[in-house]
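Below is one structure; the comments refer to it alone.
The values are calculated or read from the model by the stated rules, or taken from the named source; none is laboratory data. Values in this document were obtained by computation on a predicted structure and should not be read as measured data. Cβ placement follows ideal geometry from the backbone for every residue including glycine, while neighbour counts extend to all protein chains displayed.
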Amino acid sequence: MENVRKLALYLVLGFAILGGLITVNQSISDHGNLFSFIFTAAWLFPMVIGCWLAWRRPMIAFPLLMIWSMSVLGLLIWQALAPSWWNTILNSDGPIITTAMFALTAPLAIYGYQRRTRFVAVILIGLSVLNMMATANTDANAGSTLKITIPVLGAGILYLIASFVDKRDDSVKEK
């Protein structure tokens, strides 16, 4: 099922490039010069570094990706439990948690292509389901949330299918 893994990886990478361009464009048009640069750097640099680590240094990438994933999951649970507080944050600064999930998706997909595919699939599916539940309680823009969530959910489902169909060992020797 190598083709399903490749399809999921290419889906996420294409989504990362296209979504990154759209996010940068919206940030520049909405906020101006300095804030848009800081906001873009806040998600772009961790995403690029995470992708590089997931591909070249998976032993270093795994704990960092798990800390990042659990942080985003915790923020999504917090957003679901305290929607009124998060409405003020989302109205003033934009979709911070959704952007963090967007930046996390590409490194997770690169890591899950060769290693711990089922585990990464569960994290991707959990992120997207929790994001839909958390933003249902807030005044967040549902259109932008779905644009982020659907490709993440699709990649998670494809990785889950590949992990069950493909009988190879996911524990490729990590560097």
Exercise for the section: Confirm whether Gly19 is in contact with a Lys or Arg (Cβ under 8 Å, 6 or more places away or on another chain) and part of a helix (DSSP H, G or I). Expected result: yes
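Out of all the residues in the range 30-37, is one or more modelled with pLDDT of 85 or more, farther than 22 Å from Gly156 by Cα and of a type in the set (A, V, I, L, M, F, W, C)? Working first, answer last.
So in the range 30-37, the residues modelled with pLDDT of 85 or more come out as none.
Within the range 30-37, none of the residues are modelled with pLDDT of 85 or more, farther than 22 Å from Gly156 by Cα and of a type in the set (A, V, I, L, M, F, W, C).
Do we find that Arg57 is modelled with pLDDT of 75 or more, more than 18 Å from Leu124 (Cβ to Cβ) and not hydrophobic (A, V, I, L, M, F, W, C) in this structure?
Numbers: modelled with pLDDT of 75 or more: yes; more than 18 Å from Leu124 (Cβ to Cβ): yes; not hydrophobic (A, V, I, L, M, F, W, C): yes.
Yes; evaluated as a whole, the condition is true for this residue.
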Handout entry: helices (runs of 4 or more DSSP H) contained entirely in the range 72-175, each with at least 3 residues that are out of contact with any helix residue (DSSP H, G or I) (no Cβ under 8 Å at 6 or more places or on another chain), modelled with pLDDT under 80 and not β-branched (Val, Ile, Thr)
Key = 83-93
Handout entry: Where a residue in the range 153-175 is on the phi > 0 side of the Ramachandran plot and its partner, wherever it lies, is modelled with pLDDT of 80 or more and not aliphatic (A, V, I, L, M), with Cβ under 7 Å and at least six apart
Key = none
Completion exercise
Val12 meets each of (1) surrounded by 14 or more Cβ atoms within 10 Å (Cβ to Cβ); (2) out of contact with any Ser or Thr (no Cβ under 9 Å at 6 or more places or on another chain); (3) not small (Gly, Ala, Ser) with one exception, condition (2)
Exercise for the section: Check Met66 against each of (1) touching a residue at least 40 places away in the same chain (Cβ under 8 Å); (2) surrounded by 13 or more Cβ atoms within 10 Å (Cβ to Cβ) and name the one condition it does not meet. Expected result: (1)
